[in-house]
Amino acid sequence: MAKLIPDVDFAVQSVFANQLALLAAGLVEETVSKVLSEYGRKKGDPKISRYITKSVEHQNSLSCEKIKLTLDKFDGGWWDQLEDRVKDSDRAAIDSLKAIRDKVAHGRPNGTGFSVVGSYYSSIKRFAREFDQLILEE
């Protein structure tokens, strides 16, 4: 079996994969929190923005279902629009990262290689761009 990162032991690659998975899962959480907070700031006032930030930032380990439930509190059509804009594979990456994040957080091996987690991270970046555009360019 070929190494994913040349000259780096598989055990070390697993640590890299765990770290990248945690960062990517955090990017999903930060994207949802910050974009919705900015939406509140633009549409309301600083108090509304702060309320949104405090409410949404307590949600962690976001799956697509949790994101949908959060968006539905703002606008029942946003998730449907997001589904039209974001590829199935990018949404699947969110759910996969949530599962990996939960395993890592509970001290279990994630069983996913660095290159797979790297592709999830790329998916998350695409999701973040589309999420931002949908919510803030309304």
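The values are calculated or read from the model by the stated rules, or taken from the named source; none is laboratory data. From a predicted model like this one, the values you see are computed outputs, not experimental measurements. Using ideal geometry, Cβ is built from the backbone for each residue, glycine included, and neighbour counts are taken over all protein chains shown. Side chains included, ligands, DNA and RNA excluded: accessible areas come from the protein's heavy atoms. Shrake-Rupley method; radii C 1.70, N 1.55, O 1.52, S 1.80 Å.
Quick notes on this structure:
- Projecting the Cα positions of 39, 107, 70 onto the charge dipole of the chain (unit charges on Cβ atoms of Lys, Arg, Asp and Glu, taken about the Cα centre) puts 107 furthest along the positive direction.
- Net dipole in debye of the chain [+1 Lys, Arg Cβ; -1 Asp, Glu Cβ; about Cα centre; nearest 20]: 360
- Based on Cα contacts under 8 Å between residues 6+ apart, the chain shows a relative contact order of 38 percent.
- Straight-distance candidates among the lysines for linking to residue 54, with alpha-carbon spacing under 23 Å and chain neighbours fewer than 8 residues away dropped: 34, 42, 43, 66, 68, 73, 98.
- Per-residue HN-Hα couplings for the range 51-58 [Karplus 6.51, -1.76, 1.60; θ = phi - 60°; Hz; x = Gly/Pro]: 4, 4, 4, 5, 6, 7, 5, 7
- Scalar couplings 3J(HN,Hα) for the range 108-123, obtained by applying the Karplus form with A = 6.51, B = -1.76, C = 1.60 to θ = phi - 60°, are 9, x, 8, x, 10, x, 4, 5, 5, 4, x, 5, 4, 4, 4, 5 Hz; x denotes Gly and Pro.
- In terms of the mean number of neighbouring beta-carbon atoms within 10 Å, the peptides 38-49, 96-107, 57-68 order highest first as 96-107, 57-68, 38-49.
- Å² of accessible area per residue within the chain, as computed with a 1.4 Å probe and no ligands counted: 57
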